[in-house]
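J.: Quick one: the structure is below, questions incoming.
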Amino acid sequence: MERDNQTWGSEFILLGLTSDWDTQVSLFVLFLAMYLVTVLGNSLIVLLIRLDSQLHTPMYFFLTNLSLVDVSYATSIVPQLLVHFLAEHKGIPFLSCAAQLFFSLGLGGIEFVLLAVMAYDRYVAVCDPLRYSVIMHGGLCTWLAITSWLSGSINSLLHTAITFQLPMCTNRYIDHISCEILAVVRLACVDTSSNEVAIMVSSIILLMTPFLLVLLSYVHIISTILKIQSTEGRRKAFHTCASHLTAVALCYGMAIFTYIQPHSSPSVLQEKLISLFYAVLTPMLNPMIYSLRNKEVKGAWRKLLGHFSGLISKLAPR
């Protein structure tokens, strides 16, 4: 019991990406810039949707939730990563490690479910446009958003509790950039088959099930689009789904590759790079995807900038 108390009370050491100082400084500058762009981009999306009444629709309500998830996910990992790039001692306390695992795993699960919800929204918009406002009413949208947040949080709470009840060996070194669940499970000095089964089950429930629902939605969407007579109509219908489809490819692709088969998982270096892609690059790209490929968002930006320009011109001395 004494050995277990000492083990759980100690800190873990994150090995990170590299031990070369010059490389760490360069990565610090790069990831700091990307993190700032992520926070700024997602915050501006939320602010724009809040300020423009024309964006007060189910699609942008879910996009607001997605932006909040993205910036929160990045914040659960990147600040700690930045600190360790410049720190000689790369330790993370036990409680901080558990909290990081809980938030990163939970927010990831929330995003998977949320993308499936957004696919259903696009399905209704394209396949049943006349009843869209009736089906996607405020109550349903709120319920779907709450379900997304609760499902990811409950799954993460269970995994965090199960993982940190494992008896850990004297090895405190986590060969990863963060307290990622597979990396932490590897520290256990007992058979972790049951944990790997639990990871597989949760992957099916929170990853593959939403992914299959997204595929099913887009099968119906594509089928409906192909039945549209005019080329312009088909183009407009596809354009409403293009941004979401791009985000789905980024999010689900990397997550499936990382988590769905723990026994045949990629190398440790590949896991680190995949985690970086998912924690740093994807949250940064989502605001760009939904801004650059969306006429309504671009129109809202132009209108908002026009209001600011007009306000500045009125306040400027003549």
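The values are calculated or read from the model by the stated rules, or taken from the named source; none is laboratory data. Only a predicted model underlies this, so the values are computations on that prediction, with no experimental measurement involved. Neighbour counts run over all protein chains shown; Cβ positions are idealised from the backbone, glycine included. Remember, those area values only see protein heavy atoms, side chains included, never the ligands or the DNA or RNA. Shrake-Rupley method; radii C 1.70, N 1.55, O 1.52, S 1.80 Å.
J.: Look through L95, L51, L82 and report the one residue that is open to solvent by 50 Å² or more (accessible area, probe 1.4 Å) and either more than 30 Å from M200 (Cβ to Cβ) or in contact with a strand residue (DSSP E or B) (Cβ under 6 Å, 6 or more places away or on another chain) (or both). Before the answer, list the steps.
T.: Working: L95 fails: either more than 30 Å from M200 (Cβ to Cβ) or in contact with a strand residue (DSSP E or B) (Cβ under 6 Å, 6 or more places away or on another chain) (or both); L82 fails: open to solvent by 50 Å² or more (accessible area, probe 1.4 Å).
L51 is the lone residue from the list that is open to solvent by 50 Å² or more (accessible area, probe 1.4 Å) and either more than 30 Å from M200 (Cβ to Cβ) or in contact with a strand residue (DSSP E or B) (Cβ under 6 Å, 6 or more places away or on another chain) (or both).
J.: Pairs, please: C-beta under 8 Å, at least 6 apart or cross-chain, first residue in contact (Cβ under 8 Å) with a residue 24 or more places away in the chain and in the stretch 108-119, second open to solvent by less than 10 Å² (accessible area, probe 1.4 Å) and of a type in the set (S, T, Y)?
T.: Matching pairs, first to second residue: G109/S156; I110/S148; F112/Y252; V113/S148; L114/S148; L115/Y252; V117/S148.
J.: Would you mind finding the one in L182, L216, L207, L226 that is on the phi < 0 side of the Ramachandran plot, in contact with a Phe, Trp or Tyr (Cβ under 9 Å, 6 or more places away or on another chain) and open to solvent by 40 Å² or more (accessible area, probe 1.4 Å)?
T.: Unique residue meeting the criteria: L216.
J.: For the condition within 20 Å of V248 (Cβ to Cβ) and charged (D, E, K, R), what is the one hit in D22, D52, D70?
T.: Going through D22, D52, D70 in turn, the sole match is D70.
J.: Out of S26, S19, I need the residue that is more than 16 Å from A183 (Cα to Cα), part of a helix (DSSP H, G or I), open to solvent by 60 Å² or more (accessible area, probe 1.4 Å) and among the small types (G, A, S). Which one?
T.: Going through S26, S19 in turn, just one is more than 16 Å from A183 (Cα to Cα), part of a helix (DSSP H, G or I), open to solvent by 60 Å² or more (accessible area, probe 1.4 Å) and among the small types (G, A, S): S26.
J.: How do the pairs read when you match residues in the stretch 275-302 that are open to solvent by 30 Å² or more (accessible area, probe 1.4 Å) and of a type in the set (K, R) with residues anywhere that are part of a helix (DSSP H, G or I) and modelled with pLDDT under 85, using Cβ under 6 Å and keeping only pairs 6 or more apart or on different chains?
T.: Note: pairs meeting the criteria are R293/A242; R293/S243.
J.: If you don't mind, there's one more thing I want to ask. Could you tell me which of the residues S72, S43 is assigned to a helix (DSSP H, G or I), touching a Leu at 6+ places or on another chain (Cβ under 6 Å), in contact (Cβ under 8 Å) with a residue 12 or more places away in the chain and surrounded by fewer than 22 Cβ atoms within 10 Å (Cβ to Cβ)?
T.: S72
J.: Inspect the stretch 146-163 for any residue being farther than 30 Å from F12 by Cα and either touching a residue at least 24 places away in the same chain (Cβ under 8 Å) or over 18 Å from the mean Cα position of the chain (by Cα) (or both) and give the result as yes or no.
T.: yes
J.: So in the stretch 54-69, with the set limited to residues that are of a type in the set (F, W, Y) and open to solvent by less than 20 Å² (accessible area, probe 1.4 Å), which one is farthest from L107 (Cα to Cα)?
T.: Within the stretch 54-69, the subset of a type in the set (F, W, Y) is 60-62.
From what's left, open to solvent by less than 20 Å² (accessible area, probe 1.4 Å): 60, 62.
On the way: Y60: 19, F62: 15 Å.
Out of the qualifying residues, it is Y60.
J.: Name the residues in the stretch 109-131 that are more than 30 Å from S76 (Cβ to Cβ) and open to solvent by less than 40 Å² (accessible area, probe 1.4 Å), would you?
T.: Result: V124, A125, V126.
J.: Taking M136 as meeting all but one of (1) within 16 Å of the chain's Cα centre (by Cα); (2) surrounded by fewer than 22 Cβ atoms within 10 Å (Cβ to Cβ); (3) not basic (K, R), write down the number of the exception.
T.: (1)
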